[in-house]
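Everything on this sheet refers to the single structure shown next.
Please treat every number below as a calculation from the coordinates, not as lab data. This one's a predicted model, so the numbers in the text were calculated from it and none came from an experiment. Reconstructed Cβ throughout: ideal geometry from the backbone, glycine too, with neighbour counts over all protein chains shown.
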Amino acid sequence: MRLTTQGLIVKEQTVGEKDKLVTAVTTDLGVIRAFVKGAKNIKSPRGASTQLLCYSQLVIYSGKNQDTYIIDEAKVIDMFSKLRRNVENMCLAQYFCELAMHLCPHGQPAQNCLKIILNGLYLLSENKRSPLLIKACVEMRLMCYAGYQPELTMCSGCGCYESDNMYFIPKSGILTCDKCLTPQQLPYALLLGKGVTRALRHTVYAEDGKLFSFNLPEESLILLNTATEQFMGYMLEKTFQTLSFYKFMAGVLRNSAKRNMN
């Protein structure tokens, strides 16, 4: 099989002295692993176009192992080079890569997932939205595409759409108002307020083209991210090392900025 597709490189590792093995999220085959022969050669036309976070047009064919492919040709579409100028944004982009490997389909078309990740990377590289806003949107939309969509249309108890005190229960992915909150739910409940409740709904139900089109103050974005992270944690029963590293680096950089201001 020989196929031309588009793909984002989300992982790369050296194999021998000249070759490398990459993981890519592709339009037609979802997440694949592929060998790039001679990629470490300075003159290789496939070296730059198959590096981490490079979105390229790929010509691939099946290898001897059905689980791996070989990239025969690669042409750069976008390298998101501006991401590399900002350590915090680069760390967040690498987290998106780990999310993609875990949540995007394998061996099936992944056009929708790939579009969300690419849009997130573009907005991040161009500083067009807050990193926390981008992060929450990418997390929740990928979770929805992977089959983990929460039920946020109304209170799970009385059916009301909105109240002054709306709680999100990340362990079960539901909303409940303060009147319907049970003692069993209380240890897991997050009080969101109207603004964050609307934003959380937006990350799930908005059209793809409008996904990143909202604004929240930073304090509310932090709460929104708490909700999305806890939901992912309960649903996937997994921690992401790149997320921990991103949060560590974000803290270090912000503390350094505060010291410089003082």
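Between Glu162 and Val252, the simple label model (points 7 Å from Cα in the Cβ direction) yields a spacing of 4.2 nm. The slack between Glu207 and Lys43, meaning 0.36 nm per residue of separation minus the straight C-alpha distance, is 54.7 nm. Highest mobility in the GNM of the chain, judged by mean-square fluctuation with C-alpha springs under 10 Å and restricted to Glu88, Glu73, Glu207, is found for Glu207. The GluC sites (Glu not before Pro) of region 99-186 that DSSP puts in a loop, and whose beta carbon has at most 16 other beta carbons within 10 Å, are Glu126, Glu162. Zone of Glu126 (label point 7 Å along Cα→Cβ, backbone N under 15 Å): which residues in region 50-89? The answer is 78-83, whose backbone nitrogens lie closer than 15 Å to the label point. For region 100-261, the normalised intensity computed at q = 0.11, 0.15, 0.20 Å⁻¹ comes to -0.47, -0.86, -1.38 (log10 of I(q)/I(0), Debye sum over alpha carbons, equal scatterers, no solvent). Annotation for region 50-132: trypsin sites (Lys or Arg not before Pro) lying in DSSP loop with at most 12 further Cβ atoms inside 10 Å of their Cβ are Lys64, Lys128. Ratio to report: Rg/Rh of region 2-79, with Cα atoms as the point set and Rh obtained by the Kirkwood method; give two decimals. Radius of gyration over Kirkwood radius for region 2-79 works out to 0.92.
Across region 144-197, counting alpha-carbon atoms alone, Rg and Dmax equal 10.6, 32 Å.
Distance between the pseudo-spin-label points of Arg259 and Gln230 (7 Å out from Cα toward the beta carbon): 3.2 nm. Think of each Lys and Arg Cβ as +1 and each Asp and Glu Cβ as -1; about the Cα centre, that makes the dipole of the chain roughly 820 debye.
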